[in-house]
Amino acid sequence: MVEKAVEETFAALFALTDLRQIFRDTKPTYQFNSEQKRQIKEIIEKVKKSLDLIEKELIK
Amino acid sequence: MKQMIEEVEVRAREELFININPIQAAGRLTPEAMKAIMAYGDGYSTCDWCRKPFRLDKIQRPPISDFHIELAKFVGMDQVRVVPGARRGFQAVVSSLVEKGDSVIVSALAHYTEFLAVEGAEGIVKEVPLNEENVVTGEETAQKIEEVKKKTGKLPKLIILDHFDYMLGNEHDIHGTAKVAKDYDIPFLANCAYSLGVMPINGREIGADFLVGSGHKSFASPAPSGILATTDEWADKVFRTTQMVGDVTGRKFGIKEVELLGCTLMGANLIAMMASFPRVRERVKHWNDELEKINYFVDEFLKIEGNNVLSEMPRKHTLTKVDTTGSFDKVARTHKRRGFFFSDEMKKRWIVGEFVGATRQWKLNTYGLTWDQTKHLAQAFQDIAKKYGITVA
């Protein structure tokens, strides 16, 4: 099911793009508020999950 | 910063620095637009489901056709096309209306691409001078029309006025000029490259026959991208379709629009514009917040002895021309790094985008900065001033 791996590749890239936006919003001091901290955690979890799924699909 | 490909570094200045470059501020992408570029970066990516009648603005998947309809509503005009930059919008209109030797009224602060568009059509630009506040008014425009009429025996073929100019970011009398254009029955093009996409703009309310916007200047879109909107009255002329028939093959390309050379933004640029559109539609409602921030910044900036603002005050736009001849330039005169000392100091404080090495008259733009970033910026100017013994009130 490479289709799933492709889908997760985009999901991870999009999540990292959201992280990129957080950098843009908080530069140059990067003082994250609680909502931003929550978002960062969520993004990291999402990317990890996507990478796990990609690994599972491609390198069994 | 790592190289993306050989000799091309990753551009991360928007993630690492406060960027006050005067022309880059409102063209910064939304995250949605960044995602769109990733997914639609391949050449003719918008053409996967292009079906009859085979024209970009008719494509329904992705919903490009709907976007055109919504965009026309957003700008308060009847019809709209996306174009590769505002300049291509000027070119399409001028090329449709102006013939050799015709006069075109432009502002004394007109963007250079308006000149080029007129020159391309072999027309002649006639500039409306600025008043004492560095603003173009309807009255001055009427005087210029009379002057042209007297000298050439003919009325100008078109009036183009920049809503906000590129040099000072001053607001020009777009409504008054539209009224004058109506009085003389001369078509009027409102150049809203610095306003459409950051503040509410309605072409119908302005009284414009043509409205031009810039995607990469003010619509959170990649370059080149732009908007050309018009009324039903003018659409048939500017968006006229080809009548040409091949003499050998008999081929014709019926629905393709001559001035646009057929399809325009065939890929990521258009999808990125579409992706940014919801946020753009929302952000124009918060223009007053942006004005609050730039006016806070200039207030703080003017506390530095010798600093001056050359743009109209209070600020009606975030693009602002400043003069630091009486402050930072005095330091530059004896500093071993000359004017570059100022850029060095800014960079140390994670700020870029000023004209590197310039310490006299230069431009900046605070659009899109958060309050924290705006305050950081103002503080940085004052800290640099204090470091070099310049008085801060």
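The values are calculated or read from the model by the stated rules, or taken from the named source; none is laboratory data. From a predicted model like this one, the values you see are computed outputs, not experimental measurements. Using ideal geometry, Cβ is built from the backbone for each residue, glycine included, and neighbour counts are taken over all protein chains shown.
Looking only at the stretch B:308-346, filter to residues that are assigned to a strand (DSSP E or B) and without any contact (Cβ under 8 Å) to a residue 40 or more places away in the chain; which one of those is farthest from the chain's Cα centre (by Cα)?
Here the answer is B:Asn308.
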Next item on the list: Determine which member of the set B:Ala220, B:Ala208 is part of a loop (DSSP other than H, G, I, E, B), of a type in the set (A, V, I, L, M, F, W, C) and touching a Phe, Trp or Tyr at 6+ places or on another chain (Cβ under 6 Å).
Entry: B:Ala208
Note to self: Among (1) in contact (Cβ under 8 Å) with a residue 60 or more places away in the chain; (2) out of contact with any Pro (no Cβ under 7 Å at 6 or more places or on another chain), there is one condition B:Leu265 misses while meeting the rest; what is its number?
What the structure shows: (2)
Next item on the list: Could you grab me the full set of residues in the stretch B:22-47 that are acidic (Asp, Glu) and crowded, with 17+ Cβ neighbours inside 10 Å?
Entry: B:Glu32
Notebook entry, point to check: Pick from B:Ile294, B:Ile304: which is of a type in the set (A, V, I, L, M, F, W, C), under 19 Å from the mean Cα position of the chain (by Cα), buried (at least 21 other Cβ atoms within 10 Å of the Cβ) and modelled with pLDDT of 95 or more?
Noted result: B:Ile294
Check: Based on what the data block shows, is B:Phe381 under 26 Å from B:Glu171 (Cβ atoms) and modelled with pLDDT under 95?
Finding: no
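Yes/no per residue for (1) closer than 30 Å to B:Lys348 by Cβ; (2) more than 10 Å from every other protein chain (Cβ to nearest Cβ); (3) buried (at least 16 other Cβ atoms within 10 Å of the Cβ); (4) in contact with a Phe, Trp or Tyr (Cβ under 7 Å, 6 or more places away or on another chain):
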residue: A:Val6; (1), (2), (3), (4): no, yes, no, no
residue: A:Phe14; (1), (2), (3), (4): no, no, yes, no
residue: A:Thr26; (1), (2), (3), (4): yes, no, yes, yes
residue: A:Gln31; (1), (2), (3), (4): yes, no, no, no
residue: A:Lys41; (1), (2), (3), (4): no, yes, no, no
residue: A:Asp52; (1), (2), (3), (4): no, yes, no, no
residue: A:Ile59; (1), (2), (3), (4): no, yes, no, no
Next item on the list: Return the only residue of B:Val94, B:Val75, B:Val118 being in contact with a Leu (Cβ under 6 Å, 6 or more places away or on another chain), in contact (Cβ under 8 Å) with a residue 24 or more places away in the chain, of a type in the set (A, V, I, L, M) and away from every other protein chain (no Cβ under 14 Å).
Entry: B:Val75
Margin query: Can you find, within the stretch B:22-51, the residue that is farthest from the other protein chains (Cβ to nearest Cβ) among those that are without any contact (Cβ under 8 Å) to a residue 60 or more places away in the chain and charged (D, E, K, R)?
Written below: B:Arg51
Next item on the list: Quick one: in the stretch B:367-393, of everything that is hydroxyl-bearing (Ser, Thr, Tyr), touching a residue at least 24 places away in the same chain (Cβ under 8 Å) and within 14 Å of another protein chain (Cβ to nearest Cβ), which residue is nearest to B:Arg337 (Cα to Cα)?
Entry: B:Thr374
Check: Looking at the stretch B:6-21, which of its residues are of a type outside the set (Val, Ile, Thr), free of Cβ contacts under 8 Å to residues at least 40 places away in the same chain and part of a loop (DSSP other than H, G, I, E, B)?
Finding: B:Glu6, B:Glu7, B:Arg11, B:Ala12
Next item on the list: With the checklist (1) within 24 Å of the chain's Cα centre (by Cα); (2) on the phi > 0 side of the Ramachandran plot; (3) away from chain A (no Cβ under 14 Å) in hand, flag the one item B:Gln361 doesn't pass.
Entry: (2)
